[in-house]
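K.L.:
There's a structure below that I have some questions on.
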Amino acid sequence: MEQAFVEAAKRQSGLEAAKAAFFASGGKAQLIPTGIGKDSPSIATVVNTPYGYRNIEAQKAKRGRMITQDERDKIAGELMNCKAAGMTRNKACKHMGISTTLARKIVADYSLDYPTKA
């Protein structure tokens with residue numbers, strides 16, 4: 001504990017000396033040489049990044065489940081079976097448990113004739 005008092009006394013004496021120099025100069029600001037205080041080159045400066053969407057990185061992974069080519073072929077066949085059964089594309093999607101976006105992409109990729117409405 002005594003060491004802490006000694007360190008505090010050193011800091012306080014440094015402040016008192018700076019205060020005395022300030023008042024001795026007539027209360028005018030003085031130029032502090034480089035390397036003393038916060039202008040010291042040893043202190044690393046941290047660049048503050050601005051807030052906003054610029055700092056958010058784009059998503060790297062693809063969202064949703066990954067579907068293989070075999071699964072896509074199987075879904076295309078099931079879509080055509082649902083069409084033959086008289087289902088609309090949306091009803092077929094609900095029946096098969098796939099999204100309408102996936103069905104639309106498969107219809108476009110395989111050039112299937114499957115309109116959204118019957």
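The values are calculated or read from the model by the stated rules, or taken from the named source; none is laboratory data. Keep in mind it's a predicted model, so treat the numbers as computed, not measured. Every residue, glycine among them, receives a Cβ derived from its backbone with ideal geometry; neighbour counts consider all protein chains shown.
K.L.:
If a residue has to be modelled with pLDDT of 80 or more, polar (S, T, N, Q) and either more than 46 Å from the chain's Cα centre (by Cα) or on the phi > 0 side of the Ramachandran plot (or both) to count, how many in segment 4-30 make the cut?
P.N.:
The number of residues fulfilling the criteria is 1.
K.L.:
Looking at segment 80-118, which of its residues are surrounded by fewer than 17 Cβ atoms within 10 Å (Cβ to Cβ), hydrophobic (A, V, I, L, M, F, W, C) and over 18 Å from Ile67 (Cβ atoms)?
P.N.:
Ala84, Ala85, Ala118
K.L.:
Among the residues of segment 51-61, are any of a type in the set (Lys, Arg), modelled with pLDDT of 90 or more, under 42 Å from the mean Cα position of the chain (by Cα) and part of a helix (DSSP H, G or I)?
P.N.:
No; the residues of segment 51-61 include none that is of a type in the set (Lys, Arg), modelled with pLDDT of 90 or more, under 42 Å from the mean Cα position of the chain (by Cα) and part of a helix (DSSP H, G or I).
K.L.:
Looking at Arg72, Arg65, can you tell me which residue is within 30 Å of Lys105 (Cα to Cα), under 38 Å from the mean Cα position of the chain (by Cα) and modelled with pLDDT under 85?
P.N.:
Numbers: Arg72 fails: modelled with pLDDT under 85.
When all the criteria are applied, what remains is Arg65.
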